[in-house]
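Below: one structure, written as structure tokens.
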There are 2 protein chains.
Amino acid sequence: MEPAFTLEARDPSSRARAGTVRTLHGSFHTPAFMPVGTRASVKAVDARDLRELGAGIVLSNTFHLMLRPGAELISSLGGLHRFMGWDGPILTDSGGFQVYSLAGLRKISEEGLEFRSPYDGTRFAFGPERAVEVQTLLGSDIMMCLDECTPYPATREEAESSMTLTLGWAERSKAAWDPATGLMLFGIAQGGFHRDLRERSAAELAGLDLPGYAAGGLALGEPREVMLDAAEASLGVLPESKPRYLMGLGTPADILDGIRLGADMFDCVMPTRNARNGQLFTRTGRMNIRNSRYRDDPQPPDTGCGCLCCRNYSRAYLRHLQAQNEPLFPRLATIHNLAFYQDLVRGARKSLLAGEFMCYYKQFLDAYRGGTADWPARPPAAVSSRQGISALTILAPRPEPRGHRPAALRPGTAWPQGVVFAGG
Amino acid sequence: MEPAFTLEARDPSSRARAGTVRTLHGSFHTPAFMPVGTRASVKAVDARDLRELGAGIVLSNTFHLMLRPGAELISSLGGLHRFMGWDGPILTDSGGFQVYSLAGLRKISEEGLEFRSPYDGTRFAFGPERAVEVQTLLGSDIMMCLDECTPYPATREEAESSMTLTLGWAERSKAAWDPATGLMLFGIAQGGFHRDLRERSAAELAGLDLPGYAAGGLALGEPREVMLDAAEASLGVLPESKPRYLMGLGTPADILDGIRLGADMFDCVMPTRNARNGQLFTRTGRMNIRNSRYRDDPQPPDTGCGCLCCRNYSRAYLRHLQAQNEPLFPRLATIHNLAFYQDLVRGARKSLLAGEFMCYYKQFLDAYRGGTADWPARPPAAVSSRQGISALTILAPRPEPRGHRPAALRPGTAWPQGVVFAGG
């Protein structure tokens, strides 16, 4: 049998790499960005759109699908792929973050979670075994172990006990998983924002020899430097030979930094959610299409983009659709933003295969941060996809530092000569 | 120069016919259904969707576009076709109905209309000349003369004076129109619900020798029999050699009756609006996808349909999307409903070319009215597209009679032997 993950290129001056992950529903290339389809639908686009955008894999959510319409129902209809009309790879988040977000409505014990449904108050018990069972019913190509998302801030003791709980759950998840199904199981490293706990969590998880691993518990409101430092600690220990998924990140800069630190897979609600709010990503920064400067602008949203939206429509038209609350707007804006994110990771992969990743990294960020788009007028929030699909609450947004030198770039890190960070 | 309208087939036992209309942006076949794109967008679908659905022509609205984003702006961006990314024929409604719907906010005189913008209260004067000017700026392949929509109910005197006003405006519209532009101008016959006024309006309008004609002022809340009777009076007098547009109708049965009475073109918000409310048209009647019976139904919405929605998705999935308020739902439901309407008129055309229209008419309605769909639980409203795109108000809906014998089918009308109306 072919290995599930093939490493195809390594950047000589960072931990970045390119590879291919094989699943029951075909392969996808890494670095990969997974559009978020929480409730078996990437908001405002259909499965054909996703194929045209070149999405290699789509993310959905165990917790939400378990409650509505129900995993047994989806299974009886032939599984999640048939249900949502998507025949490519699917990864399902475990539901740990969603239960975490229920706050007063849940109880966490070593056994598992007890919570009341945010839909109708029904009481549920949910443990690592049931999380695997539900994801098996869905037919997820990549299942995630149930984890406890360590809150931010948390004391060292809290972070350690949470990490221990998650490790125990990962062991139970592995025991509940039947590798013969062909469905893969990924473990989630936690550890809060303590480097040694992050490293320990990743190392002990790696001992389970799962098909892949994720770093979770990030983008919870912590400063960007703290986030990247924690990500580096996890990614630095997770094995080279397995795909590494950095959960819930992020801005284009976050994704490039995640790639630089060795992550292969990403997901975030930012491109889809921001699209619905009128915020478009372009190669020269973000634009708020509601801005009156676009009233008579005949250009496509992003002159460097070849998506359905940019091929056919002007900024003036999109602004009109947004102003008139036309339901076509979310569709076109989502298509463009997802195309931007797919182009971002495709460009990174291409540069890795060509041995030019850090050059791509620098050029992309120079153009993006130094560009003429209107974004600075309204600083965006860094939003984790897990935040985006919380069960009840949306965590407070925080402004994204612009032109900031990544904290994880500490003295001693090897950089190609001449690389200067925009605004750094 | 080729004639703008070619008649290709006539039904021997009714006034139904098939033809082709040539415009600056290509030809379309009749009978034709025009999806309604009031604000330069058919709600929830894009221009490629419309092409794939086989829509030959799209309708937009002069009044709304004049106010937002403005006709001069659209003109400066290259016209309405480029603005909305649709390179096929476009017809624009004149705006008469929208001003009519402003009620207390407008004043109608022989000169024209004065009204306050429902967007921001700005005062506007709008007459037949400006209506032609605005539509020329938009670049509408088919412009509609400004008309006064006679209210329902109206006295004979009101209907007559309104009709006279509309005729005078049609003359002024013709004088303001430059045929050298290649844009066509259609007149609108009114006359309320008085047969003789309907006939006089149509006859006098025909004297202007315009490229096409419409019957307006229908579907304002009058009983279906009254509506079909008025439509028959107008259509019976409008010339054979020109395309005839029956404005704002209607249900599938309304459209088949309109074709039977000699109409070539239709528009209605029903397929698009009902889609957004969860109501799907099928060959066996309408279904309310919210119904719990579809919870685990693996069938496509309409087993006889080949649209993007029916090819890829189940009733269970659509019900889930609707229940979760997913923005993909309006898109998929709209695509299906528009496909249903396009199939309806395409089928009518095919049957006309084969000389079997009344057979098609009967078979379609038998299946549609006698089918197993769940619709009767919730009687639908007959909604005119003009109602749908009123400036301020939505007129009260009324239930659609089911299995009703068309009133316009009076003794003396020639019918193929053996035709029995379902439920009639």
TODO: Enumerate the pairs (first residue in region A:56-67 and free of Cβ contacts under 8 Å to residues at least 40 places away in the same chain; second residue anywhere and outside any strand (DSSP E or B) and not hydroxyl-bearing (S, T, Y)) with beta-carbon separation below 7 Å, excluding pairs fewer than 6 apart on the same chain, so at least 6 apart or on different chains.
DONE: A:G56/A:G88; A:G56/A:P89; A:V58/A:P35; A:V58/A:G37; A:V58/A:V42; A:V58/A:L50; A:V58/A:W86; A:V58/A:G88
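A quick yes/no check of all residues on (1) under 22 Å from the mean Cα position of the chain (by Cα); (2) under 28 Å from B:G112 (Cα atoms); (3) of a type in the set (S, T, Y); (4) modelled with pLDDT of 95 or more:
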residue	(1), (2), (3), (4)
B:V45	yes, no, no, yes
B:L53	yes, no, no, yes
B:L59	yes, yes, no, yes
B:P69	no, yes, no, yes
B:L77	no, no, no, yes
Open item on the list: Could you tell me how many of the residues in region A:103-145 are within 23 Å of the chain's Cα centre (by Cα), among the aliphatic types (A, V, I, L, M) and surrounded by 21 or more Cβ atoms within 10 Å (Cβ to Cβ)?
Closed with: 7
Task: Pairs where the first residue, in region B:28-54, is within 9 Å of chain A (Cβ to nearest Cβ) and the second is of a type in the set (K, R) and buried (at least 24 other Cβ atoms within 10 Å of the Cβ), C-beta under 8 Å, 6+ apart - done: B:A44/A:R331; B:A44/B:R331; B:V45/B:R331; B:D46/A:R331
Task: Scope region A:146-177; condition crowded, with 22+ Cβ neighbours inside 10 Å and out of contact with any helix residue (DSSP H, G or I) (no Cβ under 8 Å at 6 or more places or on another chain); matching residues - done: A:S162
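Condition check ((1) surrounded by fewer than 24 Cβ atoms within 10 Å (Cβ to Cβ); (2) at negative phi) across all residues:
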position: B:P3; (1), (2): yes, yes
position: B:L7; (1), (2): yes, yes
position: B:L24; (1), (2): yes, yes
position: B:I57; (1), (2): no, yes
position: B:L65; (1), (2): no, yes
position: B:R68; (1), (2): yes, yes
position: B:G78; (1), (2): yes, no
Open item on the list: Just the residues that are charged (D, E, K, R), surrounded by fewer than 24 Cβ atoms within 10 Å (Cβ to Cβ) and within 7 Å of another protein chain (Cβ to nearest Cβ), please, taken from region A:315-333.
Closed with: A:E326
TODO: Give the number of residues within region B:301-314 that are more than 8 Å from chain A (Cβ to nearest Cβ) and either among the hydroxyl-bearing types (S, T, Y) or surrounded by 22 or more Cβ atoms within 10 Å (Cβ to Cβ) (or both).
DONE: 6
TODO: Scan B:P151, B:P118 and give me the residue that is in a loop (DSSP other than H, G, I, E, B) and either charged (D, E, K, R) or within 21 Å of B:D267 (Cβ to Cβ) (or both).
DONE: B:P151
Open item on the list: Go through (1) surrounded by fewer than 23 Cβ atoms within 10 Å (Cβ to Cβ); (2) acidic (D, E); (3) touching a helix residue (DSSP H, G or I) at 6+ places or on another chain (Cβ under 6 Å) for B:D196 and report which single condition fails.
Closed with: (3)
Open item on the list: For the structure I just gave you, tell me whether A:L65 is at the interface with chain B (Cβ under 7 Å from one of its Cβ atoms) and either in contact with a strand residue (DSSP E or B) (Cβ under 7 Å, 6 or more places away or on another chain) or not in a loop (DSSP other than H, G, I, E, B) (or both).
Closed with: no
Open item on the list: Between A:L238, A:L220, which is within 25 Å of A:G37 (Cα to Cα), outside the structural domain of A:L328 (by TED's automatic domain parsing), touching a Phe, Trp or Tyr at 6+ places or on another chain (Cβ under 6 Å) and among the hydrophobic types (A, V, I, L, M, F, W, C)?
Closed with: A:L220
TODO: Return a yes/no flag: does region B:194-211 have any residue that is within 11 Å of B:F266 (Cβ to Cβ) and of a type in the set (K, R).
DONE: no
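The values are calculated or read from the model by the stated rules, or taken from the named source; none is laboratory data. Values in this document were obtained by computation on a predicted structure and should not be read as measured data. Methodologically, a virtual Cβ is constructed for each residue, glycine included, from the backbone with ideal geometry; neighbour enumeration extends over all protein chains shown.
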